[in-house]
2 protein chains.
Amino acid sequence: MVSCCRVALLGFGTVGSAVARCLTSRPGDFQLTHILDRGADRKRSALPAPGVAWTTGMDEVLRGDAHVVVEAIGGIEPAAGWIRAALLAGKSVVTANKQVMARHGASLLTLAARQGRQLRFEAAVGGAMPIVRALGDGLAGDRITRIVAILNGTTNAVLSCMEASGCSLHDALADARARGLAESDPSADLDGDDAAAKLAILCALAFGLRVDPSQIDTRSSADITAHDLARARAAGGAIRQIAHAEYDRDTATLTAWVAPIVVPRGSIFASATGAQNAALITGEHSGETGIFGTGAGGSATAVAIMSDLAAIARDRAAILPAPVLSSPELILGSTTLNAELAEHAENDLLCGLSGLCVDRRPYAEVV
Amino acid sequence: MVSCCRVALLGFGTVGSAVARCLTSRPGDFQLTHILDRGADRKRSALPAPGVAWTTGMDEVLRGDAHVVVEAIGGIEPAAGWIRAALLAGKSVVTANKQVMARHGASLLTLAARQGRQLRFEAAVGGAMPIVRALGDGLAGDRITRIVAILNGTTNAVLSCMEASGCSLHDALADARARGLAESDPSADLDGDDAAAKLAILCALAFGLRVDPSQIDTRSSADITAHDLARARAAGGAIRQIAHAEYDRDTATLTAWVAPIVVPRGSIFASATGAQNAALITGEHSGETGIFGTGAGGSATAVAIMSDLAAIARDRAAILPAPVLSSPELILGSTTLNAELAEHAENDLLCGLSGLCVDRRPYAEVV
């Protein structure tokens, strides 16, 4: 590390406070200069760090001497505007914001490249599971054809809790809330909107496609019952909220959807419990690559943010090229899926895919 | 990509020829300038690329105008000397050579940093499974405490073939050779030396430790019999060659070994068949992160090399800092393992670890 990297933090919630603790525990590498939070006055006693300026005004952050701004407030505005302002002020940005990256990622990354600054977003998808680097970097030498993934930790915690205890979705949600894994309004999680935003980001990384999250077909998991889970278990499977994207470059056809699916027990998807995320990536030359890890929570998300900060601190002049995205000719959703599965379901399910040797669609049935 | 990146290739074997095909299929991004191979005269007809200079002399490569040298010859010398010479000549280097990186990685990376050039080695560990980036980059914000992994594709192909067919190790080896997954002399694979070299590289990345592969305790898998596998299966498990490294920073004690181990069926290790590799990484904040993928073969290794080349082509001035490594106070091997497992084995095995929720050692027994 060349010299101490100065960091301003936007948002002091679950993720922001975990990042603040990491930063102040490494005074040689990082210096936390500002914390912007609406509740600055109330919260400042939570972090005993005398050198940090607490504020409620973005102008103060922009005028400050931070090299990097960490955005951990969530939501589209004011987050997107503040990221833009930080880049224009010559600061690099690390964000955990999937909604902003799904909708404005391309224009913000282009702005960052033009400014000679970096915009990094490992934390926006998969928590501590480093899927952004796996797709954007580690498998960049291959041509990716398919991504199948669990991308929403809250829904996964709810479904795996129902599975383990036989309880209702209502009770599983209460349990997830008690453990800090669900918001008071979990509809964006259960309905698939959160996973669709993350899937749109992965489509840009893996296929070079500009996809708006609203173009991704979603089917809600909010109506799953204990009876559905029992039926899946009797058939040798489990129910998970699966996000699926597959791109046929010859016809420029993207198939993309988020839906509750019966996956074979023994697959990496059924094995993902609690807030875990998992992904299976298919490449023309690499075959199947899998990755799983802690998909939600302050500590796991802070690891992704700290990893991005370490990359910036190591090389502040690193070049992150502006993305070149095209639009798919055609986007298909899950409506074609049921017909296809009707042919193969029993076969797929009974064969039981290991999650390691997937040569067919790694699930059995849309619930 | 700023401009076409010129690449010289050392070695035209399984990996080298796969890389050459990838490079010549992307003429806008890469230009293959030289191929160095002892059998240059004989092999040049295998690649219809008129602009490429075939040679048997490293001097010609060093005098040439390539930006990057890809080293795919294997073995320690002359590979290590040639990598050093390429860096001194102002070229960046991409290598698939685990033996060189395990023994000379730190000094070569230091030389590269001093030269303002890059030395990248994703292909040295795990084939297409991007574990070098996961540890060195994606989880860099965490403190890694343990790595448990399958790192040798040949041994895994042999053991999983024996398991599937009930055949002898001798017959499984013949099958692996026929499918291009085993050398004529597979002793470095079966004895654990290959996995130990890779584990030494991971110890440097994950723990910042300087470990010579010879310091890692290995137990051979060459004596595993069909009877051993049947016994493991009856107990609900499978046998895999596992590489294990765990670091206690408080006492600077590293536990590191490679041995055939009974792993629970359903774990990601038992699920890894054929030439697949798999790894489970434990971090203080991120918990368990898993990764698996195609661990051997020309195409998979070429993906890792092409990904490294893409990173260099994108940013030739990128800073890769020289590693700062320390030596462990104490290195323990597998001798302590049997006693520990004797206490927990039955319990661990019967509980059946999913490979996703590992809160204990993810295996049951040393074979």
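The values are calculated or read from the model by the stated rules, or taken from the named source; none is laboratory data. Just so we're clear, the structure is a prediction, and the values are computed from it rather than from any experiment. Every residue, glycine among them, receives a Cβ derived from its backbone with ideal geometry; neighbour counts consider all protein chains shown.
Summary of computed values
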read-out	value
Yes/no for B:Thr95 being at pLDDT below 95, under 30 Å from A:Ala113 (Cα atoms) and among the β-branched types (Val, Ile, Thr)	no
Some residue of the stretch B:329-347 being closer than 30 Å to A:Ala302 by Cα, modelled with pLDDT of 90 or more and more than 7 Å from every other protein chain (Cβ to nearest Cβ)	no
Filter pass, A:Ala226 being within 14 Å of chain B (Cβ to nearest Cβ) and touching a residue at least 60 places away in the same chain (Cβ under 8 Å)	no
Restricting the stretch A:211-228 to residues that are more than 30 Å from A:Leu330 (Cα to Cα) and surrounded by fewer than 16 Cβ atoms within 10 Å (Cβ to Cβ), the residue that is modelled with the lowest pLDDT	A:His227
Residue pairs meeting the criteria (Cβ under 7 Å; at least 6 apart or on separate chains; first under 18 Å from A:Thr95 (Cα atoms) and not assigned by TED's automatic domain parsing to the domain that holds A:Phe30, in the stretch A:312-326; second of a type in the set (D, E, K, R) and in a helix (DSSP H, G or I))	A:Ile319/B:Arg314; A:Pro321/B:Arg314
Members of the stretch A:160-188 found to be closer than 27 Å to A:Ala234 by Cβ, out of contact with any strand residue (DSSP E or B) (no Cβ under 7 Å at 6 or more places or on another chain) and either among the polar types (S, T, N, Q) or surrounded by 20 or more Cβ atoms within 10 Å (Cβ to Cβ) (or both), listed by number	A:Ser160, A:Cys161, A:Met162, A:Ser165, A:Ser168, A:Leu169, A:Ala172, A:Leu173, A:Ala176
Filter pass, A:Ile150 being buried (at least 23 other Cβ atoms within 10 Å of the Cβ), over 21 Å from A:Glu122 (Cβ atoms) and not assigned by TED's automatic domain parsing to the domain that holds A:Leu109	no
Failed item, numbered, when A:Asp191 is tested on (1) in contact with a strand residue (DSSP E or B) (Cβ under 7 Å, 6 or more places away or on another chain); (2) more than 30 Å from A:Glu329 (Cβ to Cβ); (3) of a type in the set (D, E, K, R)	(2)
Entirely in the stretch A:229-326, the strands (runs of 3 or more DSSP E) that have 1 or more residues that are surrounded by fewer than 24 Cβ atoms within 10 Å (Cβ to Cβ) and among the charged types (D, E, K, R)	A:237-248, A:287-294
B:Leu135, sole failed condition from (1) over 23 Å from B:Ser271 (Cα atoms); (2) under 16 Å from the mean Cα position of the chain (by Cα)	(1)
Unmet criterion (only one of (1) out of contact with any helix residue (DSSP H, G or I) (no Cβ under 6 Å at 6 or more places or on another chain); (2) of a type in the set (Ser, Thr, Tyr); (3) more than 21 Å from A:Pro321 (Cα to Cα); (4) touching a residue at least 12 places away in the same chain (Cβ under 8 Å)) for A:Thr110	(3)
Within the stretch A:46-60, tally of residues that are touching a residue at least 12 places away in the same chain (Cβ under 8 Å), of a type outside the set (A, V, I, L, M) and surrounded by fewer than 16 Cβ atoms within 10 Å (Cβ to Cβ)	4
Where a residue in the stretch A:273-294 is without any contact (Cβ under 8 Å) to a residue 40 or more places away in the chain and its partner, wherever it lies, is crowded, with 24+ Cβ neighbours inside 10 Å, with Cβ under 6 Å and at least six apart	A:Gly287/B:Thr294
Out of B:Gly192, B:Gly105, sole residue that is over 28 Å from A:Pro130 (Cα atoms), buried (at least 24 other Cβ atoms within 10 Å of the Cβ), touching a Phe, Trp or Tyr at 6+ places or on another chain (Cβ under 9 Å) and among the small types (Gly, Ala, Ser)	B:Gly192
Candidate set from the stretch B:290-303 (those that are touching a helix residue (DSSP H, G or I) at 6+ places or on another chain (Cβ under 7 Å) and at the interface with chain A (Cβ under 7 Å from one of its Cβ atoms)); member that is nearest to A:Gly297 (Cα to Cα)	B:Gly290
Residue that is farthest from the chain's Cα centre (by Cα) [pool: residues in the stretch B:21-57 that are acidic (Asp, Glu) and assigned to a loop (DSSP other than H, G, I, E, B)]	B:Asp29
Residue list for the stretch A:130-148, filter: basic (Lys, Arg) and part of a strand (DSSP E or B)	A:Arg146
In the stretch A:24-45, residue surrounded by the fewest Cβ atoms within 10 Å (Cβ to Cβ) [restricted to those that are under 17 Å from A:Asp65 (Cβ atoms) and in contact (Cβ under 8 Å) with a residue 24 or more places away in the chain]	A:Asp29
Residue check for B:Gly116: within 14 Å of chain A (Cβ to nearest Cβ) and surrounded by 24 or more Cβ atoms within 10 Å (Cβ to Cβ)	no
Residue match in the stretch A:62-83 (condition: surrounded by 24 or more Cβ atoms within 10 Å (Cβ to Cβ), hydrophobic (A, V, I, L, M, F, W, C) and in a helix (DSSP H, G or I))	yes
Residue list for the stretch B:194-222, restricted to those being touching a strand residue (DSSP E or B) at 6+ places or on another chain (Cβ under 9 Å) and over 30 Å from B:Ala140 (Cβ atoms)	B:Arg219, B:Ser220, B:Ser221
